[in-house]
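The values are calculated or read from the model by the stated rules, or taken from the named source; none is laboratory data. Model, not experiment: these values are computed from the prediction. Because the Cβ atoms are built from the backbone with ideal geometry, glycine has one as well, and the counts that use them run over all protein chains shown.
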Amino acid sequence: MGYFKLLALEKEPFSTSPDPDFFYESQEHHAALMRLIIGIRLRRGLSVILGDVGTGKTTLSRKLFQLLREKENIVFHMILDPSCGTENLFLDSLIRTFKLDIKESNHTILDFKEALKNYLFKKGVEENKTVVLLVDEAQKLDTLSLEILRVLLNYETNEYKLLQLVLIGQMELLPRLREMKNLWDRISLKYVLNPLDEPETKEMIEARIKKAGGDKGPPFFSEEAIKEIYHHTQGYPRRISVLCHNALEELVMKHQPVVDAPIIRELVANEIK
């Protein structure tokens with residue numbers, strides 16, 4: 001039995017999996033999500049979301065997918081790991097991501113590019129669909145892969161881009177984009193996700209517990225515990241989730257009614273060892 005059931009919760013509240021149902025919309029996360037949706041609906045082309053490890057970028061991408069996948073006029077594709085090594089392999093990954101069927105047995109790079117162009121024109125012009133490609137871990141894209149994506153962004157009508165490209169990656173992607181002037185100039189949205197502040201840390205913890213079914217009883221974390229959590233995580237959502245997960249397990253093992261500051265300090269001390 002999971003610890004959360006012993007606490008009368010319906011789900012695990014602090015899983016580090018990118019579950020969009022547990023997405024906490026801080027002011028920054030909400031702004032990033034809304035601006036992404038607006039950019040996609042206006043078919044502006046390229047959007048870039050950056051942030052350090054653990055700032056909630058992947059969960060943001062899953063929330064975007066959840067919100068857009070049911071829209072009839074939107075075709076949503078995702079690449080979770082874009083590291084391919086060669087131009088040919090990256091083009092092949094795009095072909096498979098878009099589920100394109102190339103009948104010829106010997107494919108050239110030109111065949112791949114032509115198939116992708118035809119797909120974008122078919123979906124975007126003939127069917128009037130909005131094609132979205134979201135690339136997570138975009139800092140893994142090499143220069144050749146970025147150049148391929150730049151070429152795909154060239155396909156457009158007089159009014160809009162045929163591909164809506166969302167790059168989500170760590171901060172190391174930023175200087176590489178700046179070096180590619182012809183790609184940098186095409187970015188319609190640049191947004192950096194920062195860690196949460198202390199009030200948002202408390203709100204995230206409470207929101208996740210409520211989502212897991214824990215809004216009917218007393219709080220699981222004392223105010224002092226939340227201050228300790230913020231101090232030791234510096235507001236990074238992934239770190240908050242890991243520490244809170246471990247704290248609730250300790251709560252069950254120690255048979256205490258609430259997570260207090262000493263529990264958090266003990267967990268942090270054990271992590272350092």
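Scanning the range 123-135 finds one or more residues that are more than 19 Å from Arg41 (Cβ to Cβ), in the same structural domain as Thr55 (by TED's automatic domain parsing) and either modelled with pLDDT of 90 or more or among the hydroxyl-bearing types (Ser, Thr, Tyr) (or both). The condition of being crowded, with 20+ Cβ neighbours inside 10 Å, touching a helix residue (DSSP H, G or I) at 6+ places or on another chain (Cβ under 9 Å), assigned by TED's automatic domain parsing to the domain that holds Thr59 and among the hydrophobic types (A, V, I, L, M, F, W, C) holds for only one of Leu189, Leu162, that being Leu162.
Considering each residue of the range 212-228 in turn, none proves to be acidic (Asp, Glu) and in the same structural domain as Ile79 (by TED's automatic domain parsing).
Among the residues making up the range 149-159, a single one is surrounded by 15 or more Cβ atoms within 10 Å (Cβ to Cβ) and either in a loop (DSSP other than H, G, I, E, B) or not assigned by TED's automatic domain parsing to the domain that holds Gly124 (or both): Tyr155. In the range 61-87, the residue that is nearest to the chain's Cα centre (by Cα) out of those that are hydrophobic (A, V, I, L, M, F, W, C) and in a loop (DSSP other than H, G, I, E, B) is Leu80. Of the residues making up the range 178-203, those that are in a helix (DSSP H, G or I) and over 20 Å from Val132 (Cα atoms) are Arg178, Glu179, Lys181, Asn182, Glu198, Pro199, Glu200, Thr201, Lys202, Glu203. When residues in the range 108-136 are screened for being free of Cβ contacts under 8 Å to residues at least 12 places away in the same chain and not in a helix (DSSP H, G or I), 2 of them pass. Only one entry in Leu36, Leu100 is within 30 Å of Lys202 (Cα to Cα) and aliphatic (A, V, I, L, M), namely Leu36. Within the range 76-85, none of the residues are crowded, with 21+ Cβ neighbours inside 10 Å, in contact with a Cys (Cβ under 8 Å, 6 or more places away or on another chain) and either in contact (Cβ under 8 Å) with a residue 60 or more places away in the chain or hydrophobic (A, V, I, L, M, F, W, C) (or both). Under the condition of being in contact with a helix residue (DSSP H, G or I) (Cβ under 7 Å, 6 or more places away or on another chain) and outside any helix (DSSP H, G or I), the residues counted in the range 223-264 number 3.
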